[in-house]
Amino acid sequence: MSAVAAGARFPRLRWFGIVWLLVYLPVYASAYGLRNFLFLCNIGVILTAVALIVRSRLLIASQAVAAPVIALAWALDAGWKLATGDFLYGGTAYMWDPAFPLAARVLSLYHLGWPLLLWAVLRRIGYDPRGWPLQSAIAALALVAGRLLAPAADNVNFAWTDPFLGRQFGPWPVHLLVCWGLLSTVAYGATHALLRRQFPDRVA
């Protein structure tokens, strides 16, 4: 299915993508700073909006690979906090921090709706299996950026230490390679397999 044909089946989502960026970008930039956009979740939701605007089936597929992984990690950490009073790994600590504006924290609930939106879009246009290698490449760039452009205290994309043991896996290039390998093969590989199985008749 061509990008134009795909976009014609959900034209209003183009406007949703535009409105989302107009609201989300300034609110998040003001609340968290520009470095926050280095996180894979924020890169992903921006790319999703862009994909809806330009009607890119491939870009939508790439974020459909990433979104369930990110949403699950986010939901587990937030749910752990609600259930036990403590965080599983601390990735959602900002949601309970009154120092950040409420509007920005409410917008962060996109982590839960984002994969559902992508799933609904894929039901209309199908899944492009090239999304897996594309998202793996995006993740590699995000990991390197998190290491080189953000301080260790931010631990963007866990590019400095792992989320549970708080340690680095050997020299930093090795650490990044291990994190990228687990993310791209285990996590993304699982969602890729699920999407191919769910949309077998629409694989390009």
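The values are calculated or read from the model by the stated rules, or taken from the named source; none is laboratory data. Remember, predicted model here, so these are calculated numbers, not experimental data. Heads up, the Cβs are rebuilt from the backbone with ideal geometry, glycines too, and the neighbour counts pull from every protein chain shown.
For segment 41-64, give me each residue that is aliphatic (A, V, I, L, M) and crowded, with 19+ Cβ neighbours inside 10 Å. Full working, then the answer.
Within segment 41-64, the first condition is being aliphatic (A, V, I, L, M), and the residues that meet it are 43, 45-47, 49-54, 58-61, 64.
Residues satisfying the conditions are Ile43, Val45, Leu47, Ala49, Ala51, Leu52, Leu59, Ile60, Ala61, Ala64.
Please determine, by comparing only the residues of segment 83-105 that are small (Gly, Ala, Ser) and in contact (Cβ under 8 Å) with a residue 60 or more places away in the chain, which one is surrounded by the most Cβ atoms within 10 Å (Cβ to Cβ).
In the first step, residues of segment 83-105 are kept if they are small (Gly, Ala, Ser); the result is 83, 85, 90-91, 93, 99, 103-104.
Of the ones still in play, those that are also in contact (Cβ under 8 Å) with a residue 60 or more places away in the chain are 90-91, 103-104.
Values: Gly90: 15, Gly91: 20, Ala103: 12, Ala104: 18.
Here the residue is Gly91.
Can you pull out every residue in segment 21-50 that is touching a residue at least 24 places away in the same chain (Cβ under 8 Å) and part of a loop (DSSP other than H, G, I, E, B)?
Filtering segment 21-50 for residues touching a residue at least 24 places away in the same chain (Cβ under 8 Å) gives 21, 23-24, 27-28, 30-32, 35, 38-41, 43-50.
Passing the criteria: only Phe39.
Can you confirm whether segment 128-147 contains a residue that is within 18 Å of Leu58 (Cβ to Cβ) and of a type in the set (Phe, Trp, Tyr)?
The answer is yes, given that some residue of segment 128-147 is within 18 Å of Leu58 (Cβ to Cβ) and of a type in the set (Phe, Trp, Tyr).
Just to check your reading of the model, which residue among Ala83, Ala103, Ala64 is assigned to a helix (DSSP H, G or I) and within 18 Å of the chain's Cα centre (by Cα)?
Working: Ala83 fails: within 18 Å of the chain's Cα centre (by Cα); Ala103 fails: within 18 Å of the chain's Cα centre (by Cα).
Result: Ala64 is the single residue among Ala83, Ala103, Ala64 that is assigned to a helix (DSSP H, G or I) and within 18 Å of the chain's Cα centre (by Cα).
In the list Ile60, Ile125, which residue meets the criterion of being under 18 Å from Gln198 (Cβ atoms) and modelled with pLDDT under 95? Talk me through it step by step, then tell me what you get.
Values: Ile60 fails: modelled with pLDDT under 95.
Among Ile60, Ile125, only Ile125 is under 18 Å from Gln198 (Cβ atoms) and modelled with pLDDT under 95.
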